[in-house]
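Chemist: Sharing a structure below in structure tokens format, with a few things to ask.
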Amino acid sequence: MSEALEVIKSEIIKRSREEAEKIISEAKKKAEETINSAERKAEEILAKSIKPEIAVMRKRILGAAQLEGRKMILKAKDDAISKVFSIVEEKLKKIANGEDKEHKYEDILLKLIKEAASKIDEKELIITSNEQTLAYLNNNIKEIENKLKNEGFEVKLKIENSPCNCIGGIIAYNNSKTKIFYNLLEGRLLKLKESLRGKIAEILFS
């Protein structure tokens, strides 16, 4: 797994438990209130009559309340996991905008370009991204090429100045566009969602 993926993965794990505890606590509280309310209702019915059909009704009321409670908790767990990914997405936006002190976007961007150069494996690479990233690339293209060269990637970079709507990262392709490599930050997050979903659930709810 690349360092760029590790940044995203560590942020997901970091945010998971604290966001879940609050949501699950509230869901459990609501579920308990639902069940307690159903129990009171059932007891009121029993107080008025001891007929067998009333006892059956009591079981039905409690069963429905317990089922509703379980549904509420399951939904809260799913909401907690979704909340984690939403927080991570906001974190990625801050990184891409240079607002995050923990991670330097320029270093992540270089790694994403290097990975694209490795995958496409041609002497010339055309790159596009969002407007802000393209501005940085245009101003630092020679420096980036030299850094790639020092790491064994002698490749000519060309910037496609047609911004795409993305958080950050790059889309790279060769001159003929027969090889295209999507290395966007939100794409990396999307790939991690399913692979980490079970792990997050384990961390949050075990």
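Coordinate-derived values only; no laboratory data. Owing to the predicted nature of the structure, the values given are computational and were not obtained by experimental measurement. With ideal geometry, Cβ positions are generated from the backbone for all residues, glycine too; neighbour counts draw on all protein chains shown.
Chemist: Report Rg/Rh for region 105-185, rounded to two decimals, where Rg is the Cα radius of gyration and Rh the Kirkwood radius.
Modeler: 0.91
Chemist: Let me ask something else about it. Assign one of three labels to region 68-206, namely rounded, prolate or oblate, based on the Cα gyration tensor with a ≥ b ≥ c the square roots of its eigenvalues; rounded applies when a/c is under 1.5, prolate when it is not and a/b is larger than b/c, and oblate otherwise.
Modeler: Note, shape of region 68-206 comes out prolate.
Chemist: While we're here: Could you compute the FRET efficiency for ILE141 and ILE73, with r as their C-beta to C-beta distance and R0 at 45 Å, rounded to 0.05?
Modeler: So, using R0 = 45 Å, E works out to roughly 0.30.
Chemist: So, one more: Given a Förster distance of 41 angstrom, what is the FRET efficiency for LYS179 paired with GLU32, based on the Cβ-Cβ distance and rounded to 0.05?
Modeler: Approximately 0.10, to the nearest 0.05.
Chemist: Follow-up question, since we're still on this one. What is the sum of charges around LYS177, taking Lys and Arg as +1, Asp and Glu as -1, for the other residues whose C-beta is under 14 Å from the C-beta of LYS177?
Modeler: Once positives and negatives cancel, what remains is -1.
Chemist: Turning to a different aspect of this structure: Just list whichever of LYS77/LYS111; LYS119/LYS177; LYS30/LYS59 have alpha carbons separated by over 24 Å in the model shown.
Modeler: LYS77/LYS111
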